[in-house]
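Data block below; observations after.
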Amino acid sequence: MKLNKLLTSKELFRKSILGHFVALVAKVAKADGRVHELEAQLIGMMFDDISKVFNEKEKARAIMKEIFNEEKQVSDDTKQIAQELNKLLGRSILKRKQFITFLIQLAFIDGGISEEEEKVLKEIMTELNIPLSSYDEIVNKFQNMIKNKQQTMSSKEAYEILGVKESDDMDTIKKAYRKLIREYHPDIINSQNKDEAYMEEATAKTQEINQAYQIIKELKK
């Protein structure tokens, strides 16, 4: 399998489409100064999802983690990486759209997109030749799907969404939360044979689970 050759060295992996994508994930995650808890979880799950396509899963995960940690330390090469990815992607409009949807979703997941994240996302989109109108379109879909749920969620609903009881301790609640996030998170590999609605629904569900967890966390203080 051609992909497995990428595990020969970190440098080889870094030059691939996946290596460039991991680098851009690092740029978006670190754009607002720090990688938030939910972002870190989703990135960890993304590494797990991608690792599944390799024979040596642990090695693939370790290489991606290394690339991510190196790339999040540098912030002035986003444009160049996006240009290189654009060349590697050839004519695939679908793949470009899937990558950018995942990146927008990652920025959005921790409660909204910051100015810094938006700037990085739009820079990547420009280099990938995706019209900036697509940015608003994707963000609006995410926002509309979660708006109603967020405004009306009660503490009773929050417990129901996580499938926990009021009497449960925070450790039990955190385990339930992490299990649900893992179950419903947008999977970059799975999304490649599904339509756009898959990513939107996965994002809305992840946001809902996160919202429920935040409500309970406040109540338990």
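As a check on your grasp of the helix formula, calculate [θ] at 222 nm for the chain: sum -39500 (n - 2.57) over DSSP H runs of n ≥ 4, divide by the residue count, round to the nearest 500.
Taking each H run of at least 4 residues, the total per residue is -23000 deg cm²/dmol.
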- Treat each spin label as a single point 7 Å out from the Cα along the C-beta direction, and report the Lys221 to Glu183 distance in nm. 2.9 nm
- Rg/Rh for the chain, where both radii come from Cα atoms and Rh is the Kirkwood radius: 0.98
- Roughly how many Å is it from the Cα centre of the range 114-134 to that of the range 39-82, as a whole number? 20 Å
- Item | For the range 83-93, 3J(HN,Hα) per residue [Karplus equation, 6.51 cos²θ - 1.76 cosθ + 1.60, θ = phi - 60°, Hz, x = Gly/Pro] | 5, 5, 5, 4, 5, 5, 6, x, 9, 5, 5
- Task: Just grab the label-to-label distance for Leu94 and Lys165, each label 7 Å out from Cα along the Cβ direction, in nm (one decimal).
- Result: 4.8 nm
- Task: Pop the C-beta distance of Lys5 and Asp49 into the FRET formula with R0 = 22 Å and round what comes out to the nearest 0.05.
- Result: 0.65
- Spin-label model distance (nm) - Lys156 vs Asn69, 7 Å beyond Cα toward Cβ: 4.7 nm
- Query: Which is the longest stretch in the chain that no exposed loop site breaks, taking sites as GluC sites (Glu not before Pro) with a DSSP loop state and at most 13 other Cβ atoms within 10 Å?
  - Reply: 57-165
- Note on the structure: A correct Karplus calculation of ³J(HN,Hα) over the range 129-137, with 6.51 cos²θ - 1.76 cosθ + 1.60, θ = phi - 60°, whole Hz and x for Gly and Pro, returns 6, 9, x, 5, 5, 5, 4, 4, 4
- Using θ = phi - 60° and the Karplus form 6.51 cos²θ - 1.76 cosθ + 1.60, what ³J(HN,Hα) does each residue of the range 54-64 get, whole Hz, x for Gly and Pro? 9, 5, 9, 4, 5, 5, 4, 5, 4, 5, 4
- What's the carbon and sulfur percent of the chain's accessible surface, probe 1.4 angstrom, rounded to a whole number? 49 percent
- Within the range 1-25, find all residues whose amide N lies under 18 Å from a label point positioned 7 Å from the Cα of Glu58 along Cα-to-beta-carbon. 7-10
- Message: Only Cα pairs within less than 10 Å get springs; with that Gaussian network setup on the chain, which residue of Thr101, Thr206, Thr126 has the largest fluctuation?
- Response: Thr126
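In the range 34-81, which trypsin sites (Lys or Arg not before Pro) are in a loop and have at most 15 other Cβ atoms within 10 Å, using DSSP for the loop call?
Working: sites: Arg34, Lys52, Lys57, Lys59, Arg61, Lys65, Lys72, Lys79; in loops: Arg34, Lys52, Lys72.
Sites meeting the loop and neighbour criteria: Arg34, Lys52.
The values are calculated or read from the model by the stated rules, or taken from the named source; none is laboratory data. As the structure is a computational prediction, the values presented were derived from the model and not from experiment. With ideal geometry, Cβ positions are generated from the backbone for all residues, glycine too; neighbour counts draw on all protein chains shown. Just so you know, the surface numbers come from the protein's heavy atoms only, side chains and all, with ligands and any DNA or RNA stripped out. Shrake-Rupley method; radii C 1.70, N 1.55, O 1.52, S 1.80 Å.
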